[in-house]
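Throughout, read-outs are computed from the coordinates displayed, never taken from laboratory work. Computed from a prediction, not measured in an experiment: that's the story for all the values here. FYI the Cβ positions are ideal-geometry reconstructions off the backbone, even for glycines, and counts take in every protein chain you see.
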Amino acid sequence: MSKINVLVVDDSAYSRQTIRKMLEKDPRIEVAGISSDGVDAMAKTLKLMPDLITLDLEMPGMDGFSFLRWLMKKRPTPVIIVSSYSDSKTVFKALELGAADFIAKPPKMNSVEFQNMEKDLLSKVKGIKDFRMDRLSKNLKLLEGERTQQTSSESLEHGIEAVAIGASTGGPAALKIILTRLPSDFPAGIVISQHMPRGFTASFAERLNGISKVRVKEARDGDEVERGKVLICPGGFHMLFRKKGQRIVATIKESKNTDKYIPSVDMMMSSAAEVFGPKTMGVVLTGMGSDGLEGMLEIKKRGGYTIAESEDTAVVFGMPSEVIKAGAAGRVLPISEIPVEIVKLVRETERIDDL
């Protein structure tokens, strides 16, 4: 197998060398070059033709945003943003400009934080072989376009009360496509687990809330799952559900270093299926790995409805592919049709439930 060639771009000499050492621990990765600013990164990108670029956003001269704009026009290449927690808001701007993903740069390089960063970085770099820039570009253009036309859907015997959505790499853009196309009177609660580190989901939820008609917030322990409200699991935690009187509320659970996926889509979906039963809808979007497979199987087993993003639009087809292969997807749809299907199905089952 050919090695993955990486260009490391960061204005900090310490960060450049740290990232380089992390990457070179894996024999399948080769650091083709390093750069300290955007202008030099442009030249090295054209000369070295890297498979992937790690990018710091705050740099002297040409910053990371200007470099991203140039890169996506001249030589679209997967980019992983290396960002500190204090820059959480700017990360999502970079994702909207075409960055593939991001990792958190810990404020202090103690052993645990350092190991988590290294594990996350190596995993995402190695997963780049499955990343499709062409699909990401189409999805970003879709965000600028008109809303999709409605499609047909089959109906269920029970009204849907909770829509559980899971995503990983490429998820922020896909979630934005879905949430900005939902009406303010959406008659079900929405819960989301997007693989994301601590300290970033609050900014993500705030950004989505500002452009969506539904209410979007980072979930807190005890938040109620209710109509027209979106709860996003906090990065670094897991989200479960429990009955509290006549209400169903979120329980935020601390993650462990041994957990494979954080937040866990499987845990969220399985818990939703247990509490909401056949009134659950599961949606698995783009992402590496198989998180969401067990949860979707559980939803289907309990009579709920399941949707997987199709290969046509999934930036990384890993998660939806596993769901489809296991027969856990009731429908397989491109991202442009998923919000229409969700709205149509929830409204149809709501009417059926009222009869």
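What the table below lists for this structure:
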{"read-out": "At R0 = 56 Å, FRET efficiency that the Cβ-Cβ distance of Val39 and Ser184 yields, to 0.05", "value": "0.80"}
{"read-out": "Cα-projected label distance for Glu144 with Lys301, points at 7 Å along beta-carbon direction, nm", "value": "4.5"}
{"read-out": "Rounded to the nearest 20 debye, dipole of region 187-329 from Cβ charges on Lys, Arg, Asp, Glu", "value": "580"}
{"read-out": "Furthest towards positive pole of dipole, Met239, Ala173, Ser212, structure part the chain, Cβ charges", "value": "Ala173"}
{"read-out": "Given charges at Cβ of Lys, Arg, Asp, Glu: the chain dipole, positive-most of Pro197, Leu97, Asn139", "value": "Leu97"}
{"read-out": "Label corresponding to volume of the Cα convex hull per residue in Å³ when calculated from the structure given, among (i) 127; (ii) 255; (iii) 141", "value": "(i)"}
{"read-out": "Cβ-derived FRET efficiency at R0 35 Å, Lys213 paired with Arg28, nearest 0.05", "value": "0.20"}
{"read-out": "Cα gyration tensor shape for region 4-131, rounded if a/c is under 1.5, else prolate or oblate", "value": "rounded"}
{"read-out": "C-alpha center-to-center spacing [region 29-64, region 310-335] in angstrom", "value": "33"}
{"read-out": "Between helix 38-48 and the chain: long-axis angle, C-alpha atoms, 0 to 90°, nearest 10", "value": "90"}
{"read-out": "Packing-based order for 97-106, 210-219, using average beta carbon neighbours within 10 Å, highest first", "value": "97-106, 210-219"}
{"read-out": "Selected from Ile338, Pro278, Val316, residue furthest toward positive end of dipole (region 252-355; charges at beta carbon)", "value": "Pro278"}
{"read-out": "Cα gyration tensor shape of region 205-334, rounded if a/c is under 1.5, else prolate or oblate by comparing a/b with b/c", "value": "rounded"}
{"read-out": "Net dipole in debye of the chain [+1 Lys, Arg Cβ; -1 Asp, Glu Cβ; about Cα centre; nearest 20]", "value": "300"}
{"read-out": "Relative contact order, percent, the chain [alpha-carbon distance under 8 Å, six or more residues apart]", "value": "15"}
{"read-out": "Extension gain from Glu274 to Lys325, taking 0.36 nm per residue of separation minus the Cα-Cα distance", "value": "16.0 nm"}
{"read-out": "Relative contact order, percent, region 117-266 [alpha-carbon distance under 8 Å, six or more residues apart]", "value": "20"}
{"read-out": "Region 151-354, relative contact order [Cα under 8 Å, separation at least 6], %", "value": "26"}
{"read-out": "Cα-based shape type of region 187-270, given that a ≥ b ≥ c are square roots of the gyration tensor eigenvalues and the cut on a/c is 1.5", "value": "oblate"}
{"read-out": "Extension reserve of the Glu206-Gln246 stretch, reckoned as 0.36 nm per residue once the Cα distance is removed", "value": "11.6 nm"}
{"read-out": "Gained length - Trp70 relative to Glu113, 0.36 nm times residue gap less alpha-carbon distance", "value": "12.3 nm"}
{"read-out": "Top of Thr306, Thr201, Thr90 by mean-square fluctuation, Gaussian network on the chain, Cα under 10 Å", "value": "Thr90"}
